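A short worksheet on the structure shown next.
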Amino acid sequence: MPDRLSARRLLRMLDLTSLGEDDPPARIAALCEAAEPRHGSVAAVCVYPEHVQACRARLAGGPVRVATVVNFPDGAANPDRAARECRRALAVGAQEIDLVFPWRALQAGDAAVGGRVVAACRAVLPEGIPLKVILESGMLDPMQLRAASMLALQAGADFLKTSTGKAAAGASPEAVQVMLAAIGDSGRACGLKVSGGVRTFADAMAYLQLVESMMGEGWATPARFRIGASSLLDDLLRVLEGDAGAGHAAGGMAY
């Protein structure tokens, strides 16, 4: 029973994701269908901007939010471009924005541009549209990751997110510790999104336990903690329903 309670809790924190370059309409439809299993709804679906309107139509009236990505996946050091993509995402109905931080510029010695990119996006997003800043944590050393975290926090990030899923390395417990420490030190009400390689119930529970060991029991809610994945849903349903339930998810969509 404890495992089922934890799996149901994690389900509500899941950002069900499909970011394939050639995702067909049927794949996006399946993603939306999988977002509301009988055990409860996920937090959001995350798709490319061209699929936002279709997702909004399929999920209309329900609790599942529609997120999209901007400055993705390269993390360009161009605040105007990032802000323009945010405005376009809003125009098609995006309810959450996942923005890639210009991590390569940080590595090259230009730290300040990262804050400008985040601030430019925060300035065009209305209240109620969360800005999740993807730091590409697997490509940064701990000092760089700390710097990127603080820049994003100071510029108005609502979440720090580990990874795009497109780089060579995804999330790690060590990176999450650095990001959580930055959130705590900032004094800001900022959440955390773990993505890139979280595929099993055990993986997700390890991150949930890490988060609550650092931030306090009960800190992790869908408003403050998300997991960006899709194959994880298969394993959550396996826990909730037994092995027969695994086939009901939108498997194979993880990034």
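The values are calculated or read from the model by the stated rules, or taken from the named source; none is laboratory data. Just so it is clear, the structure is predicted and the values come from calculations on it, not from any experiment. All Cβ positions, even for glycine, are placed from backbone atoms using ideal geometry, and neighbour counts span all protein chains on display.
Observations, loosely collected:
- Residue in region 62-71 that is buried (at least 22 other Cβ atoms within 10 Å of the Cβ), touching a strand residue (DSSP E or B) at 6+ places or on another chain (Cβ under 6 Å), basic (Lys, Arg) and at pLDDT 95 or above present: yes
- Here PRO102 passes the criteria (1) surrounded by fewer than 17 Cβ atoms within 10 Å (Cβ to Cβ); (2) closer than 30 Å to SER231 by Cβ except the one numbered (1).
- All positions within region 14-39 that are out of contact with any Ser or Thr (no Cβ under 8 Å at 6 or more places or on another chain) and of a type outside the set (A, V, I, L, M): GLY20, GLU21, ASP22, ASP23, PRO24, PRO25, CYS32, GLU33, GLU36, PRO37, ARG38, HIS39
- Residue satisfying all of: in region 1-11; surrounded by 16 or more Cβ atoms within 10 Å (Cβ to Cβ) and within 19 Å of the chain's Cα centre (by Cα); farthest from PHE159 (Cα to Cα) among these: ALA7
- Summed over region 71-94, the residues that are closer than 20 Å to SER137 by Cα and hydrophobic (A, V, I, L, M, F, W, C) give a count of 4.
- Test for ASP80: is it assigned to a loop (DSSP other than H, G, I, E, B) and not small (Gly, Ala, Ser): no
- Residue among ALA204, ALA168, ALA157 that is surrounded by 24 or more Cβ atoms within 10 Å (Cβ to Cβ) and more than 27 Å from ARG84 (Cβ to Cβ): ALA204
- The listed residue being closer than 23 Å to VAL45 by Cα, at pLDDT 95 or above and not in a loop (DSSP other than H, G, I, E, B), out of ARG146, ARG122: ARG122
- Exactly one residue out of ILE134, ILE183 is buried (at least 17 other Cβ atoms within 10 Å of the Cβ), farther than 30 Å from ARG4 by Cβ and in contact with a strand residue (DSSP E or B) (Cβ under 8 Å, 6 or more places away or on another chain), and it is ILE134.
- Restricting attention to region 31-53, the residues being crowded, with 18+ Cβ neighbours inside 10 Å, at pLDDT 95 or above and more than 23 Å from VAL100 (Cβ to Cβ) number 4.
- Residues satisfying the stated conditions in region 95-111, i.e. outside any strand (DSSP E or B) and either touching a residue at least 12 places away in the same chain (Cβ under 8 Å) or under 21 Å from the mean Cα position of the chain (by Cα) (or both): GLN95, PHE101, PRO102, TRP103, ARG104, ALA105, LEU106, GLN107, ASP110, ALA111
- Restricting GLN144, GLN209 to residues that are without any contact (Cβ under 8 Å) to a residue 40 or more places away in the chain and of a type outside the set (Ser, Thr, Tyr) narrows the list to GLN209.
- Pairs, first of a type in the set (D, E, K, R) in region 226-255, second modelled with pLDDT under 50 and not in a helix (DSSP H, G or I), C-beta under 7 Å, six or more apart: ASP234/ALA249; ASP234/GLY251
- When the criteria are applied in full, GLY170 fails the requirement of being modelled with pLDDT under 95 and farther than 19 Å from PRO73 by Cα.
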